[in-house]
Amino acid sequence: MTPSIVRTSTAELYDANVLKNYARAPLTLVRGKGTQVWDDAGNSYLDFTSGIAVSALGHCHPHWVAAIQRQAGELIHVSNLYRHPNQGELARRLVQRAGPGRVFFCNSGGEADEAMIKLSRLHGVAKSGQEGKCIKVIAAKNAFHGRMFGGMSATPQEKIQKGFRPLVPGFVFGELNNLQSFADLVDADTAAILVESIQGESGINPCTPEFLRGLRQLCDRHNLLLMLDEVQCGIGRTGKFYAFEHAGVLPDAIAMAKGLGGGFPIGAVWIRDRFTDLFTPGSHGTTFGGTPLACAAGLAVLDVIERESLLETVTKRSGPWIAELTKFTTDFASQVLAVRGRGYLVGIQLASDPAPYVTALRERGLLVVSAGGNVIRVLPPLVATTDELAKSVEIFRAVFEAKRA
Ligand SMILES: *Cc1c(COP(=O)(O)O)cnc(C)c1O
C-alpha cells in the first residue's frame with residue numbers, strides 16, 4: 001500500500017470517480033475462497049451470484065490460481081501474430097467438446113456474439129452472392145446478447161436499446177419455444193437464427209429440446225446458420241458442458257465466455273467445420289483474444305471440471321436442491337410463482353419486484369442476482385457443496401417467512 005494522507009472510503013471513491021451506469025449494492029468485497037466472499041467489515045457471504053455465472057470454480061481455486069501464477073511468470077501476451085501452446089490446446093479441448101470445427105478467441109461474451117453476427121453476414125454473402133442482401137437474423141423476444149451494437153440490436157429490450165438508435169439492421173424476433181413464429185419469419189434474405197439455449201438475463205427461460213431440434217431442421221431446410229449463445233448457460237452450468245447438449249443438437253456456431261475463464265476474462269466462438277472458411281486472414285480479429293494467460297485460466301477451468309467430475313456433481317446435487325426450491329411455490333405461493341432452470345442456473349420467479357428480496361437475502365448472508373420478469377437468479381459455483389446448497393434453501397425460507405409476516 002502507498003501511504004496516503006487523506007483516507008477515502010471505497011464508497012466515496014466510487015461516488016466521486018466511477019461512472020454511474022450500474023445500480024450497485026452497497027457492499028465492498030475484498031476476499032474470496034471457494035463459495036464464500038468477505039466484505040471490508042469482515043462479514044462473509046455465500047456467493048450464489050458467482051460474478052454473474054463467471055466464477056465456475058468458486059473463488060481462488062488452488063489449481064486455477066497456480067496455473068495463472070505460473071503463466072504470469074512465463075509469458076502473458078504475444079498477440080495473435082504468433083502461436084502459443086495454450087491457445088492451441090484450449091481450442092483443441094473446446095472442439096473436442098463441441099464437434100469438428102474451429103475456435104476464435106476474444107475477451108467477453110459481447111465480443112463472442114459480435115463474431116457470430118459477423119459470421120452470419122459472411123454466410124449471407126456466400127448464400128446470395130452479393131453483399132448487403134442476405135443479412136436477416138432471427139432472434140428471440142426477451143433475448144440478451146450483450147451491449148455491443150450487433151448484440152444489442154439482437155436484444156429487443158427498450159431498457160437496453162433506448163438512446164442508442166439507429167441499431168444494426170436485419171434483426172427480427174420470434175417467440176421463444178414457438179417454432180412456427182420463427183418459421184414464419186424465414187425468407188430468402190435470412191442468414192441465421194440466434195438464440196440463447198437458456199435465456200439468462202430475461203429470467204431463466206430455457207429453450208425446450210423440441211424447439212432447438214425444430215430450429216436445427218429449419219436451418220437445414222433453408223441453409224441458415226444455427227447460432228447458439230451459450231455465454232451464460234455454457235461451460236458446465238446446466239450439468240452438461242454446453243446446455244444445448246440436453247437437446248442433442250449440433251449448432252453451426254457457439255458463443256461462450258462467462259464461466260470459461262473462471263473469473264479471468266476470455267470469450268470464444270466455436271464454428272462448425274463446414275463454415276470455418278468464411279473467415280479469411282484479416283477478416284476479423286482482436287489484439288488480446290486468447291492470450292497465454294487467459295487460455296491458462298480456461299485450461300485450468302476445464303482441468304478442474306474434468307478432474308473433479310463437476311458435470312456429474314452438478315447434475316447429481318442440483319436435482320434435490322431444485323426440488324427444495326420448487327417447494328417455495330407451494331409453501332410461499334403468494335410470493336413465489338415459479339422455479340425454472342437446470343443444474344446451477346436457476347430462476348425463482350416472484351409475484352413482485354425481486355430487489356427487496358435480493359437485499360434481505362444479502363443481509364442474511366446470501367448473494368444472488370435479479371433478472372427480468374421479477375426473477376431471482378441463483379448461480380452457485382459448480383463446486384458448491386450439498387451443505388452450501390442446503391444453507392441457501394434455509395436462507396431463502398427465512399426471508400420468505402419474514403416477508404410473509
Ligand atoms: C452476459 C451475456 C452476454 C454478454 O457478455 P459480456 O461478457 O458481458 O459482454 C451475452 N450473451 C449472454 C447470453 C449473456 O448472458
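Coordinate-derived values only; no laboratory data. A quick note: this is a predicted structure, and the numbers were derived from the prediction, not measured. Counting neighbours? That spans all protein chains shown, and the Cβs are built from the backbone with ideal geometry, glycine included.
The set of residues in the stretch 151-184 being within 23 Å of Glu131 (Cβ to Cβ), touching a residue at least 40 places away in the same chain (Cβ under 8 Å) and crowded, with 18+ Cβ neighbours inside 10 Å consists of Gly151, Ala154. Pick out the one residue from Ala296, Ala268 that is closer than 14 Å to Phe104 by Cβ and buried (at least 17 other Cβ atoms within 10 Å of the Cβ). That would be Ala268, the only listed residue that is closer than 14 Å to Phe104 by Cβ and buried (at least 17 other Cβ atoms within 10 Å of the Cβ). One residue is enough: does the stretch 185-197 have a residue meeting the conditions under 26 Å from Gly248 (Cβ atoms), surrounded by fewer than 23 Cβ atoms within 10 Å (Cβ to Cβ) and not hydroxyl-bearing (Ser, Thr, Tyr)? Yes - at least one qualifying residue is present in the stretch 185-197. Just the residues that are within 12 Å of the ligand (Cβ to nearest atom) and over 19 Å from Gln96 (Cα atoms), please, taken from the stretch 234-262. Lys258, the sole residue that qualifies. Once the stretch 88-109 is narrowed to residues that are in contact with a Cys (Cβ under 8 Å, 6 or more places away or on another chain) and buried (at least 23 other Cβ atoms within 10 Å of the Cβ), the residue that is nearest to Gly289 (Cα to Cα) is Phe105. For the stretch 177-233, the tally of residues that are of a type in the set (A, V, I, L, M), in contact with a helix residue (DSSP H, G or I) (Cβ under 8 Å, 6 or more places away or on another chain) and either under 28 Å from Leu379 (Cβ atoms) or within 16 Å of the ligand (Cβ to nearest atom) (or both) stands at 11. Scanning the stretch 170-187 for residues that are in contact with a strand residue (DSSP E or B) (Cβ under 9 Å, 6 or more places away or on another chain) and in a loop (DSSP other than H, G, I, E, B) gives Gly170, Glu175, Leu176, Asn177, Asp184, Leu185, Val186, Asp187. Considering the conditions (1) surrounded by fewer than 24 Cβ atoms within 10 Å (Cβ to Cβ); (2) under 30 Å from Gly124 (Cβ atoms); (3) of a type outside the set (Ser, Thr, Tyr); (4) within 16 Å of the ligand (Cβ to nearest atom), His284 is excluded by exactly one of them, (4).
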